[in-house]
Amino acid sequence: MDLASIIRNIPDFPKAGIQFKDITTLLKNHDAFRQAVDSLYHLFKDQEVDIVVGIEARGFILGSVVAYLLDAGFVPVRKKGKLPAAVRSKTYDLEYGSATLEMHLDAIEKNQKVVIIDDLLATGGTVRAVCEMIEEAGGEIAGIAFLIELESLQGRKAIDKYQVYSLIKLD
């Protein structure tokens with residue numbers, strides 16, 4: 001199945017000039033959702049994985065299911081102010097501004113093997129911030145996977161020291 005054809009484009013969201021990739025059309029399609037999750041799972045099924053980290057918000061949807069299939073724990077990385085216990089934070093640049101992400105201080109233990117799952121790789125700032133938090137906690141990044149990669153934004157350069165996978169590559 002061509003997953004890219006199922007994703008809806010929303011022009012000028014969240015601001016003018018951004019072409020938002022709306023994956024809700026893929027998520028509601030039983031076959032497409034199953035194919036996406038199965039494909040992400042198969043990338044890591046033969047590796048030792050202790051924790052899957054999902055990045056707010058669409059990374060939660062994909063990452064939690066992959067964690068379940070891998071028999072691993074799931075850790076949400078959230079926007080600033082959304083987690084109730086002590087956190088570590090990183091501020092990073094987006095293609096249309098800046099943001100801060102947080103992860104509980106006790107979310108990742110030293111030497112745990114961590115896989116990061118998110119819906120979209122754009123400039124790489126978001127996932128680079130998450131990688132930094134995981135490594136500061138002592139975790140080892142076993143791989144990073146995205147549903148979509150916007151290749152023209154060259155986000156892989158920000159995370160080129162890691163094993164990176166994308167199911168869909170767009171310009």
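Each eigenvalue of the Cα gyration tensor of the chain, multiplied by 5 and square-rooted, gives one semi-axis; in descending order these are 24, 20, 14 Å.
Placing pseudo-labels 7 Å out from each Cα toward the beta carbon at residue 80 and residue 169 gives an inter-label distance of 3.5 nm.
When the surface is traced with a 1.4 Å probe over the full set of protein chains, residue 98 keeps roughly 80 Å² accessible. Farthest toward the positive end of the dipole of the chain, out of 60, 70, 49, is the Cα of 60, where the dipole comes from beta carbon charges about the Cα centre. Ligands, DNA and RNA excluded, the heavy atoms of residue 133 present near 0 Å² of accessible surface to a 1.4 Å solvent probe.
Taking Cα centre as origin and charging only the Cβ of basic (Lys, Arg, +1) and acidic (Asp, Glu, -1) residues, the dipole magnitude of the stretch 1-146 rounds to 480 debye.
So what is the relative contact order of the stretch 49-171, in percent, for Cα pairs below 8 Å that sit 6 or more residues apart? It comes to 23 percent, rounded to a whole number. For residue 89, project a label point 7 Å along Cα to C-beta. Then give me every residue of the stretch 102-124 with its amide nitrogen under 12 Å of that point. Residues passing the 12 Å test: 102-103.
Taking 126, 24, 91 and ordering them by how much accessible surface each has at a 1.4 Å probe, largest first, produces 91, 24, 126. Spin-label model, residue 1 to residue 157: label points 7 Å out along the Cα-to-beta-carbon direction sit 3.5 nm apart. Only lysines eight or more places from residue 113 in sequence, or on another chain, were considered; those with a Cα closer than 19 Å are 45, 161.
Solvent exposure of residue 12, expressed as accessible area, is near 100 Å², computed with a probe of 1.4 Å over the protein chains only. Looking at the stretch 85-171, the trypsin sites (Lys or Arg not before Pro) that sit in a DSSP loop and have at most 10 other Cβ atoms within 10 Å of their own Cβ are 110, 161. Solvent-accessible area per residue in the chain equals 50 Å², computed with a 1.4 angstrom probe and all protein chains kept. Each residue of the stretch 101-115 was assigned a 3J(HN,Hα) from its phi angle through the Karplus expression (A = 6.51, B = -1.76, C = 1.60, θ = phi - 60°), giving 10, 9, 9, 4, 4, 9, 6, 10, 9, 4, 6, 5, 8, 10, 10 Hz with x at Gly and Pro. Here the chain has 46 percent of its accessible surface on carbon and sulfur atoms, given a 1.4 Å probe and all protein chains in place.
The values are calculated or read from the model by the stated rules, or taken from the named source; none is laboratory data. Here the structure is a predicted model, which is why all the values come from computation and not from measurement. Ideal geometry is used to build each Cβ from the backbone, glycine not excepted, and the neighbour counts take in all protein chains shown. The accessibility values were calculated without ligands, DNA or RNA, using every heavy atom of the protein model including side chains. Shrake-Rupley method; radii C 1.70, N 1.55, O 1.52, S 1.80 Å.
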